[in-house]
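Please treat every number below as a calculation from the coordinates, not as lab data. These numbers were taken from a predicted model, which means no experiment stands behind them. Here the Cβ is made from the backbone with ideal geometry for all residues, glycine too, and neighbour counts use every protein chain on show.
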Amino acid sequence: MDERHAALHVLPPLDDPAPLPEHPEPAPAPAVEAARPVRVHIVGADPLARVGIRTLLEGHPGITVTGESAPGPQLGLILRSLCPQVLVVHGPLTAEQRARLAQEAPDGLPVLVVGGEDEDRGPAHGHLPGTTTAGQLAAAVVLAAAGYTLVPAEGRSHPRARVSSISPDELTQRECEVLELLARGQSNGEIARSLTLSEHTVKTHVQNMLHKLRLPNRVHAAIYAFETGVRRPV
């Protein structure tokens with residue numbers, strides 16, 4: 001037997017070939033944590049007014065009312081226990097009540113005052129008249145939680161009109177979904193992960209939505225979402 005034939009005898013048998021390596025399954029996509037709603041606590045001496053403010057806020061997405069309390073010595077303990085992100089105060093408050101509120105409220109907690117005269121406002125992130133609508137109050141809460149301070153326009157005694165007169169029906173379902181998440185404070189990257197889209201696609205949806213509604217920026221879009229009651233489609 002020559003060397004060529006001898007070499008053939010040392011090859012492995014071909015009737016039972018080794019299995020091909022399997023490709024591992026792709027790792028599951030990480031779960032995206034849903035945007036947490038803004039936690040709001042209501043303070044006021046009038047129990048009926050507190051309930052009224054609570055009713056206005058509880059119907060809006062992205063807001064959770066932790067409760068309502070009268071100003072008093074237990075308020076500081078309540079706020080530290082419930083950890084609200086925004087405090088909505090119904091005015092007017094006495095000078096003593098304002099001083100206690102400033103002492104009991106955690107440092108940096110945004111305060112929105114609803115109703116009351118100028119001298120009753122005290123330090124706050126914004127003052128809204130007693131005629132404030134549910135949408136305006138909800139928009140103010142979201143902006144206060146984001147660190148904005150509401151400044152009324154000079155010479156304007158009544159709430160301004162909606163930021164846009166365009167109906168949400170002009171938006172596509174996807175644009176409404178993007179708008180709802182934007183109003184919850186999500187960035188383009190977070191919206192992209194929530195909706196399983198590319199960040200570039202989300203940016204395009206945001207630009208198209210702002211153009212259709214004739215809004216200048218995301219802050220106005222968030223206000224519009226709360227004023228019109230835009231919800232994520234079920």
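Structure notes:
- Inter-probe distance in nm under a simple model that places probes 7 Å from Cα toward Cβ, at R174 and E58: 3.7
- Remark: relative contact order (region 168-228) = 41 percent; criterion is Cα-Cα distance under 8 angstrom and separation of 6 or more residues.
- Separation in nanometres of the label points that stand 7 Å from Cα toward Cβ, at S165 and Q74: 5.0
- Of the peptides 186-197, 136-147, the ranking by mean beta-carbon count within 10 Å, highest at the top, reads 136-147, 186-197.
- Relative contact order %, region 38-145, counting alpha carbon pairs below 8 Å whose residues are six or more apart: 28
- Extending 7 Å from the Cα toward the beta-carbon at both V51 and A102 defines two label points whose distance is 3.3 nm.
- Taken over region 38-145, the convex hull of the Cα atoms encloses 83 Å³ per residue.
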